[in-house]
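Below is one structure, written out as structure tokens, with a few remarks after it.
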Amino acid sequence: IEGKYKTEKYVCPCASLTLPETFEEYKKILSKSTRQNIRTAINRQKRDGKNLTHEMIYVLDEETENTLMRIRAERLPLKKKHVYKNCSFAGKVYNHMRDVMVKLFAAEQNVIHENCNPWCFLVKEGERIAGFYWGITNDDKSEYYIILAGIEEDYAWYSPCVSHFYLYIEELYAAENNQIKVFDFTRGGEPYKKDLGAEVKMSYRIDFKI
């Protein structure tokens, strides 16, 4: 097929965490430095009087949706800057042209609003959202797909999402009725995914020009 048509190949890292049988086994997946960083983040929160809590919700009101989209929009330029920094010259040109095309021709969509089987992991200080993971689940809620993530800039020092997701996973093991088996972080090889124990694999795509 590749000999018949002009093709372009793309490689992208994807990360997924399959929860082992026990929490002790899960902790062994994490590096020593990651476990220390999580302890440091939690201690830093307590030291600075940041009373952060976390919750998993399955219904989002309009105000929460708008807050999540704002947090993501504010953090996206920083994420792009980091990604583009490691690209080749051709990759930088491609990404720049893609961004221009999106701004000119793509209609902005609230991806959080248009979904099925949604869930959201929120880290909050009082009623203020400090960070979040948002995504969808499969029908029996055994696999959770993380599609969007974001942190308020003034909470970044406290690693709210990584530290509290670790605590949430610990709670899952303590619960007798936990059904979650997999957290799929989908595309991208961001360091926080590996920090939480996700295994990074490469996915491949071939585009055919007919």
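The values are calculated or read from the model by the stated rules, or taken from the named source; none is laboratory data. From a predicted model like this one, the values you see are computed outputs, not experimental measurements. Every residue, glycine among them, receives a Cβ derived from its backbone with ideal geometry; neighbour counts consider all protein chains shown. Heads up: the accessible areas ignore ligands, DNA and RNA and are worked out on the full protein's heavy atoms, side chains in. Shrake-Rupley method; radii C 1.70, N 1.55, O 1.52, S 1.80 Å.
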Restricting attention to the range 127-170, the residues that are within 10 Å of the chain's Cα centre (by Cα) and small (Gly, Ala, Ser) number exactly 3
Are any residues in the range 55-82 touching a strand residue (DSSP E or B) at 6+ places or on another chain (Cβ under 8 Å), more than 30 Å from Glu176 (Cβ to Cβ) and open to solvent by less than 50 Å² (accessible area, probe 1.4 Å), and if so, which ones? Thr67, Leu68, Ile71
Which pairs have Cβ atoms under 8 Å, sit 6 or more apart or on different chains, and link a residue in the range 189-204 that is within 17 Å of Leu19 (Cβ to Cβ) and open to solvent by 50 Å² or more (accessible area, probe 1.4 Å) to one that is assigned to a helix (DSSP H, G or I) and hydroxyl-bearing (Ser, Thr, Tyr)? Asp195/Thr34
Residue in the range 35-54 that is most open to solvent (accessible area, probe 1.4 Å), counting only those that are closer than 14 Å to Cys161 by Cβ and under 21 Å from the mean Cα position of the chain (by Cα): Asn37
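Matching residues to (1) among the hydrophobic types (A, V, I, L, M, F, W, C); (2) open to solvent by less than 50 Å² (accessible area, probe 1.4 Å); (3) without any contact (Cβ under 8 Å) to a residue 60 or more places away in the chain; (4) under 19 Å from Ser31 (Cβ atoms):
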| site | (1), (2), (3), (4) |
| --- | --- |
| Leu172 | yes, yes, no, no |
| Glu176 | no, no, yes, no |
| Ile180 | yes, yes, no, no |
| Phe185 | yes, yes, no, yes |
Selection count, the range 9-30, where residues are in contact (Cβ under 8 Å) with a residue 60 or more places away in the chain and open to solvent by 50 Å² or more (accessible area, probe 1.4 Å): 6
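Please go through the range 124-144 and pick out each residue that is surrounded by 17 or more Cβ atoms within 10 Å (Cβ to Cβ) and either farther than 17 Å from Lys50 by Cβ or touching a Phe, Trp or Tyr at 6+ places or on another chain (Cβ under 7 Å) (or both).
Ala130, Gly131, Phe132, Tyr133, Trp134, Gly135, Thr137, Glu143, Tyr144
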The lone exception for Asp48 - which of (1) within 23 Å of Lys193 (Cβ to Cβ); (2) modelled with pLDDT of 70 or more it fails: (1)
